[in-house]
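These notes concern the structure reproduced below.
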């Protein structure tokens, strides 16, 4: 398949309404000699039957040379890949490649050719800066199944902080380009003045918008490259707070703020997050690392007004940030050590991971994750409440990993228990279930001569009960019947 969805849309157009007005592009230019086509064979994990290998599929995208045998592309181009090949426009022969680093939170990846000598003649592309609004850029890649490079023009129409659809939860700086969207260009360079100013990565399709595409800008690319210098990717860090603008004059006066337009309120601070160790709801942030924070949540960096989260975006795991804030009218200053906020990750799309599960006598237990919700199309109100309010209601504090009884594989030992499917597991044999590992420990627990296994589900007054001896007798039979090679995978 080609990457044609919103999460994998491209930034290029074969033709634009104003294309005839532009000067022709010199296709003999060596600027984009380092652009390569990427073909990927993939295996998509099966969250409905997590013991299976998954569904094979494939796709293609674009990448470009940034150093000796180092090709930059989108993470979504190579996610769940089992085989990768790359080819340049002047060399139709496919060359095996492998992933060196991948960052799903910012949709970037670095590949290398298994035999790099085939690409030694190519010139690495150089990174530029952030292009100005209403300036022209050139997008290069392999859209719509073509075997030859396509080069098109677009105009920078917006520079904003927005969500990256690959993970579905992470937001970073992005640049909008006034250009149509075609599949296959994902991972391709966007060029201005002979230098790369972005990586094409997503856009709108259908009737949502016309001629709107997005590219990952150089600051995000540079942060990724800096992060992997030590040989591993440490992910983005999070302050894990929400903010609320303070623009009402009466509210500003009540909070002891002046008329200088400085100060944004903390809407919430996650107790397990970096910011939650210092900040609390109602605090007013007035500066970060010495730069004033305006009442609409913007801050000036490099002479540009950007979302205040951009200050945190440029930090790395273990770095600190200095925050000045008001609490009950009193000025305070604290240093916050930044780390990744794990509960936030659970709400995003997962890739390159084997689904975790545990099967017991036909009962299938799985941790609550977005991939699971999508695969099972769960409509249970309680499960949806847990997922939708996992952060807002701080549910992760007591249940860091809610466990769902996703299905009951029919067998005589679990007759009439199918209605319990999609329930949230509260307790097994008297053991509170807060994560998948608790299920294994609870099932192994035997209270003397207690002959039953008792599973209690949240907001369900009728416990699920199995006779232990019959369940243990039936377990291998069920494993064989449903071709389940391993009764549990709790993670690496």
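The values are calculated or read from the model by the stated rules, or taken from the named source; none is laboratory data. All values derive from a computational prediction rather than experimental measurement. Here Cβ is always computed from backbone atoms with ideal geometry, including for glycine, and neighbour counts include all displayed protein chains.
To keep it simple, each residue is scored yes or no on (1) assigned to a loop (DSSP other than H, G, I, E, B); (2) closer than 20 Å to residue 335 by Cβ; (3) out of contact with any helix residue (DSSP H, G or I) (no Cβ under 7 Å at 6 or more places or on another chain); (4) modelled with pLDDT of 90 or more.
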{"site": "211", "(1), (2), (3), (4)": "yes, no, yes, no"}
{"site": "227", "(1), (2), (3), (4)": "no, no, yes, yes"}
{"site": "266", "(1), (2), (3), (4)": "no, yes, yes, yes"}
{"site": "276", "(1), (2), (3), (4)": "no, yes, yes, yes"}
Exercise. Mind checking which residues of segment 110-140 are in contact (Cβ under 8 Å) with a residue 40 or more places away in the chain and either closer than 18 Å to residue 79 by Cβ or assigned to a helix (DSSP H, G or I) (or both)?
Worked result: 110, 111, 112, 116, 119
Seminar exercise, completed: When (1) closer than 25 Å to residue 140 by Cα; (2) buried (at least 23 other Cβ atoms within 10 Å of the Cβ) are applied to residue 240, the one that fails is (1)
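Residues are listed down the side, and each one gets a yes or a no for (1) crowded, with 21+ Cβ neighbours inside 10 Å; (2) at pLDDT below 90:
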position	(1), (2)
280	no, no
295	yes, no
318	no, no
326	no, no
343	no, yes
363	yes, no
Exercise. Scanning for something within 20 Å of the chain's Cα centre (by Cα) and not in a strand (DSSP E or B), does segment 84-100 turn up at least one residue?
Worked result: no
Exercise. If we keep just the residues of segment 239-264 that are touching a helix residue (DSSP H, G or I) at 6+ places or on another chain (Cβ under 6 Å) and touching a residue at least 60 places away in the same chain (Cβ under 8 Å), which is nearest to residue 169 (Cα to Cα)?
Worked result: 240
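Yes/no per residue for (1) in the same structural domain as residue 367 (by TED's automatic domain parsing); (2) closer than 26 Å to residue 216 by Cβ; (3) at pLDDT 95 or above:
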{"residue": "22", "(1), (2), (3)": "no, yes, no"}
{"residue": "31", "(1), (2), (3)": "no, yes, no"}
{"residue": "42", "(1), (2), (3)": "no, yes, yes"}
{"residue": "46", "(1), (2), (3)": "no, no, yes"}
{"residue": "53", "(1), (2), (3)": "no, no, no"}
{"residue": "58", "(1), (2), (3)": "no, yes, no"}
{"residue": "62", "(1), (2), (3)": "no, yes, no"}
{"residue": "69", "(1), (2), (3)": "no, yes, yes"}
{"residue": "73", "(1), (2), (3)": "no, yes, yes"}
